[in-house]
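Participant: Quick one: structure below, then a few questions.
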């Protein structure tokens with residue numbers, strides 16, 4: 001048996017519920033964006049500092065090559081933890097930095 005289209009009355013009573021659900025989703029999205037924004041700005045400044053200082057990137061590439069010569073990946077947990085400690089970064093920022101430097105300046109590093 002075919003379903004009939006919802007009556008106007010049913011659609012009208014669903015409208016406030018859909019509006020509330022949409023507003024709730026918008027609020028959650030805004031809160032998440034506000035929490036993430038400082039982290040994104042910090043990473044942006046970190047990457048910009050390496051971009052403006054190629055000597056720093058070359059130095060990091062040399063350190064990564066030394067790790068590779070010992071059979072250690074530049075993106076290993078130990079390497080990232082060491083980079084974070086030496087630069088005063090969180091491990092997440094250190095991982096982003098290492099990936100950025102390797103991708104732009106020393107793509108042969110593993």
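Just so you know, all these numbers are worked out from the coordinates, no wet-lab data involved. This structure is a prediction, so every number in the text was calculated from the model and none was measured.
Participant: Going by a ≥ b ≥ c, the root eigenvalues of the Cα gyration tensor, does region 50-110 fall in the rounded group (a/c under 1.5), the prolate group (a/b larger than b/c) or the oblate group? Write down the numbers at each step before the final one.
Facilitator: Values: a/c = 1.61, a/b = 1.02, b/c = 1.58.
Since a/c reaches 1.5 but b/c is at least a/b, the shape of region 50-110 is classed as oblate.
Participant: So if each residue of separation counts as 0.36 nm, and I subtract the Cα-Cα distance between residue 56 and residue 70, what length gain in nm does that give? Before the final figure, lay out each step's value.
Facilitator: Details: separation 14, 0.36 × 14 = 5.04 nm, distance 2.16 nm.
Extending this stretch completely gives an extra 2.9 nm.
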